[in-house]
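Structure, as structure tokens:
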Amino acid sequence: MEGKDEKISTASTGTGGAERTFKIVGTRPIRHDGIDKVTGRARYGADVSLPGMLHGKVLRSPHAHARILGIDVSRAAALPGVKAIVTGADMPPVKSKTEQSGEGTTNPRHLSDNVLAKEKVLYTGHAVAAVAAASPHVAEEALALIEVRYEVLPPVLDVRAAMRPDAPILHAGLRTQGLEPASDAQTNTASVVRFERGDLAAAFAKADVVVEREFDTAMVHQGYIEPHNAVAQVNADGQATVWVSTQGPFEVRHFCAEILAMPLSQIRVVPAEIGGGFGGKTTIYLEPLAIMLARKAGRPVKLVMSRAEVLRATGPTSGSHIRLKMGATNDGKIVAADATLAYEAGAFPGSPVWAGAMCLLAPYDIETLRIEGFDVVVNRPKTAAYRAPGASNAAFAAESVVDELAAKLGIDPIELRRRNGAREGTPTPAGPRHKRIGLLEVLDAAQAAPHAAAPLGVPGSATAAHDGSGANGAASVKRRGRGFAVGFWFNAGLQSSATIAINPDGTASLVTGSPDIGGTRTSCAMIAAEELGISVDHVRPSVADTDSVGHTDVTGGSRVTMATGLAVYEAAQDVKRQLCRRAATLWKIAPEQVSFADGHTVAAGGEHPPLSLAALGAKLSRTGGPVVGRATVNAQRATGAAFAATMVDVEVDLETGKVDILRCTTIQDAGRAIHPAYVEGQMQGGTAQGIGWALNEEYVYDPEGNLLNAGFLDYRMPVALDLPMIDTVIVEVPNPGHPYGVRGVGEVSIVPPPGAVANAIAAATGVRMTELPISPPRLLAALHAAGVHATAAAR
Amino acid sequence: MSKKTHVSLTLNGEATEFLCEPRQTLLEVLRDELDLTGSKEGCATGDCGACSVLLDGHVVCACLVLAVETDARSVTTIEGLADGDKLHPLQTAFLEHAALQCGICTPGFLVAAKALLDRNPDPSEYEVRYELAGNLCRCTGYDKIVRAVLAAAATMRDAAPRVRTGTTGT
């Protein structure tokens, strides 16, 4: 069993806690919610059950593009056991506008139209009605009795077709934003983003080597194992409570209030445990339906999606078409880049193409460039955020082209990246300069990793994770190769709140508003424990509902340990200030003569023995009452961007086109790893998703727009047998904007794998794959087209 | 709605009875009728393994078993894995190795891994990956899960009597 997990610290001249010695940060305590999660006691959204609860189901469009002519629910309503039915006509009108939310933008009109279609359905699976009944089976029977009359329209299913002048139009009123000069023409292109600097023609003229390629990537789903769910209860006074597995309880409250025209104070959102999100649970689908049905029925209503509904109507992230041309001089300097990105937004505007455009070349210092991005609507589900949204598509293109440049220049691929690597002060493609970043340290760590020096091994031989047999064990039909790629992600800041209450025995209770998906309760508790000088077991962390904690933005953007952690850090400072005042009262000295160190209040001059948190806790009632520390932060200025690299060895079976992952190492700058095991977990999980994206995952539609693989059997995510151990190297280049140097670790590891896998396949076979996923049929066809045959390999 | 059927079985070691419709799956009855919500529904088509339970000692997807089929049989769910307050070594290993993130797949993995170790107390990494390939995890990349299962196997071998009578093993 391979197992190389390393941690490399780099001292920084800045702050970021580089000079500090930690007691708890950097250790690996067992998570506070662990026992609940290994015993089946943890309550996820679908586990919530209320007295008198009804069960809801959603009727979904069988057409990819159609006008709704009429909906007749009378037969369904007459079915015994049916208690409420809602359609788009039950929803209040909502103004169209663009507002910032989480890592992207949202238009409440589009949100409302996605929750329940009004005039048109825009993808197969688009919700048109919802039913609440005594049992899920009765609700399902009722769906079959709802009659919807459609005028079926021609669909447009992929980004290139949607951009053609004669393409069917999804939204009659859509005009391209960002176009100069503005156009009043009907279009499927919702917006254009453009970054440009320098004289492109002149820069390419200076290049000795130019590589130009076009790339296509398939639409993929986040693939969380827990389907979307919502339980709502609405009282006679209009007060609503929603229990839901979500990354953003405050976003759920905000979106529901907006599209149902309710005041925020009338909605309480209780975050249940959440079974994965990866960005896909930062928006709403079922929540408003549950509220409307519960209000109509006068009873609580629970809605849970099937897996097919999840795949047909939630997520996914954009399929894309990217053209990229890069030029370099013989000494290995990249001098020019020209890129065009077109991303599928799904049925409504808002793909992450802006992020793709900003991330595409962010790892490189390139003086002259032009990047243009198009956000394009198609008759597919509205895309949602997916782990470093938009960046993986872009990096697949950039890292493939950089790899080809390296080969043409005869320069080691890591070395070429180092020569052109961005560092502090390098302008990003969008203009603003990089702050302190750790790309070069990541490259150093990659070159020093045991993987870099390990031989590829004999094709067809066994490894720990593979028995080596495959379709047949003949080495002659297998080829091995190693690939490398890097990736960039901004990491989000956004807002967080936290409170810390000191208990009479000196333990603490910590409350935040960040749903815990990967152990952030514990990473936040570690920060509180570090500051208060108590054991992490003496901090009880909980995730509160929207009435019980201040506004807290999504668990997303790699932000919880960084931003909510910052709120926890600040709340702990507040606690310490209050404790010092309490000790001063007890000691009858001035507050400024008291300091806090190692879990004790300490009097200047040592005239009083230090008081432990436990000793002081017992005296709080006599010195003014309970101590509760609180903090709210907007962490935008505290953010630290992240870089990751993936090194991967593959074995290609020339007879079948199947690619096995033999060895994989992910190297990532965490800034500071609060809980290294959870940092490794994020790195490994993102890498696995990136490998699935590279090799197998894709939405497959027929020409009518029916999703042909709406299940886990055919939407093929990696299983344990598809992967080896994923070695990790945590690099720590502290983020000067954060007191501990934390950058955030959740997302960036998904960015490099598609490029790394494609580069490894190119190294193994000499064939450059420009289309994702590199599934066996696609690779086999490309190998054959290039004349790479199994027989030819058996020299 | 059809007439309900009476089912009596051994559930997590205890004699249990319930009434169910013939169309109800074991998963639906466990979760909605018996309040055993530890088994999760990820797909309802037998592809994700989140609802893995033991039926007479064999791993099955509870979403693919009709509840009426369990009459006079033995079912073990995640709720039956620990011995009171004493966690099963697999549960301890999952915690110590940080083998879960969101935790939704964890009950299914633990049940499937128990079945594996009951049958094969000393699996190789490849065997663990092969046997657990019916359980999807989207968070971990499986690395820490595989390590936890291997570690639990070692713990259980150390704790077991020196002379084993099992015939499986590797």
Requested in this report: Output ³J(HN,Hα) for the range A:563-568: one whole-Hz value per residue in order, computed from phi by the Karplus curve 6.51 cos²θ - 1.76 cosθ + 1.60 with θ = phi - 60°, and x for Gly and Pro.
Outcome: 8, 5, x, 5, 4, 5
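Could you calculate the FRET efficiency of residue A:265 with residue A:105 from 1/(1 + (r/R0)^6), where r is the beta carbon distance between them and R0 is 25 Å, rounded to 0.05?
Computed FRET efficiency for residue A:265 and residue A:105 comes out at 0.50.
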Query raised in the report: So for B:97, A:789, A:551, fewest C-beta neighbours within 10 Å to most, what's the order?
Result: A:789, A:551, B:97
Query raised in the report: From Cα coordinates alone, what are the radius of gyration and Dmax values for the protein assembly as shown in angstrom?
Result: 28.1, 90
Report task. For residue A:368, enumerate residues with amide H under 5 Å from its amide H, sequence gap 5+ or separate chain, H modeled in the peptide plane. Result -> A:337
Query raised in the report: Got a sec to turn the phi values of the range A:727-740 into Karplus ³J(HN,Hα) couplings, 6.51 cos²θ - 1.76 cosθ + 1.60 with θ = phi - 60°, whole Hz, x for Gly and Pro?
Result: 5, 10, 10, 8, 9, 10, 10, x, 7, x, x, 10, x, 9
Query raised in the report: So, by mean Cβ neighbours within 10 angstrom, what's the order for A:588-599, A:745-756, A:644-655 with the highest one leading?
Result: A:745-756, A:644-655, A:588-599
Query raised in the report: If r is the Cβ-Cβ distance from residue A:448 to residue A:208 and R0 is 25 Å, what FRET efficiency results, to the nearest 0.05?
Result: 0.25
Query raised in the report: In nm, to one decimal, how far is the residue A:435 label point from the residue A:74 one, both placed 7 Å along Cα→Cβ?
Result: 6.3
Report summary line: Only helices counted: for the protein assembly as shown, with every DSSP H run of 4 or more residues adding -39500 (n - 2.57) and the sum spread over all residues, [θ] at 222 nm is -7500 deg cm²/dmol
Requested in this report: At most 11 other Cβ atoms within 10 Å and a DSSP loop assignment: could you name the chymotrypsin sites (Phe, Trp or Tyr not before Pro) in the range A:172-268 that fit?
Outcome: none
**Report entry** Shielding of B:91-98 by partner chains, average beta-carbon count, 10 Å
**Finding:** 5
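Rounded to two decimals, what is the ratio between the C-alpha radius of gyration of the range B:89-159 and 2.2 N^0.38 Å?
Compactness ratio reported: 0.96.
Evaluate E = 1/(1 + (r/R0)^6) for residue B:72 and residue B:119, where r is the Cβ-Cβ distance and R0 equals 30 Å; express this FRET efficiency to the nearest 0.05.
0.80
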Requested in this report: Quick one: work out the % antiparallel among DSSP beta bridges in chain A, nearest 5.
Outcome: 70
**Report entry** 5 angstrom amide H check on residue A:662, placed H, neighbours 5+ away
**Finding:** A:649, A:650, A:651
Report summary line: Between the modelled labels at residue A:548 and residue A:182 (7 Å from Cα along Cα→Cβ) the distance in nm is 4.8
Query raised in the report: Per-residue mean of other chain beta-carbon atoms within 10 angstrom of the beta-carbon, peptide B:142-150?
Result: 6
Report task. List the extent of the Cα atoms of the range A:121-202 along each of their three principal axes, largest first, rounded to whole Å. Result -> 70, 25, 19
**Report entry** Ordering of B:85-91, A:417-423, A:700-706 by burial proxy (mean other Cβ atoms within 10 Å per residue, highest first)
**Finding:** A:417-423, B:85-91, A:700-706
Report summary line: Once amide hydrogens are built 1.01 Å from N within the peptide plane, the residues lying 5 or more places from residue B:134 or on another chain with amide H under 5 Å from its amide H are none
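Within 10 Å of each Cβ in A:28-39, how many Cβ atoms from other chains are there, averaged over the peptide?
Counting other chains' Cβ atoms within 10 Å and averaging over A:28-39 gives 6.
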Query - Packing-based order for A:316-324, A:632-640, B:137-145, using average beta carbon neighbours within 10 Å, highest first - result: B:137-145, A:316-324, A:632-640
Requested in this report: For residue A:702 and residue A:134, compute 0.36 nm times the residue count separating them, minus their Cα-Cα distance, and round to one decimal in nm.
Outcome: 200.9 nm
**Report entry** Against the rule of thumb 2.2 N^0.38 Å, how large the Cα Rg of the range A:180-332 comes out
**Finding:** 1.57
Query raised in the report: Quick one: what do you get for the range B:5-80 if you divide its Cα Rg by 2.2 N^0.38 Å?
Result: 0.95
**Report entry** Neighbour-count order for A:137, B:6, fewest beta carbons within 10 angstrom listed first
**Finding:** B:6, A:137
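We did not get these values from a lab; they are worked out from the coordinates using the rules stated. Fair warning: this is a prediction, and the values are worked out from it, not measured in the lab. Neighbour counts run over all protein chains shown; Cβ positions are idealised from the backbone, glycine included.
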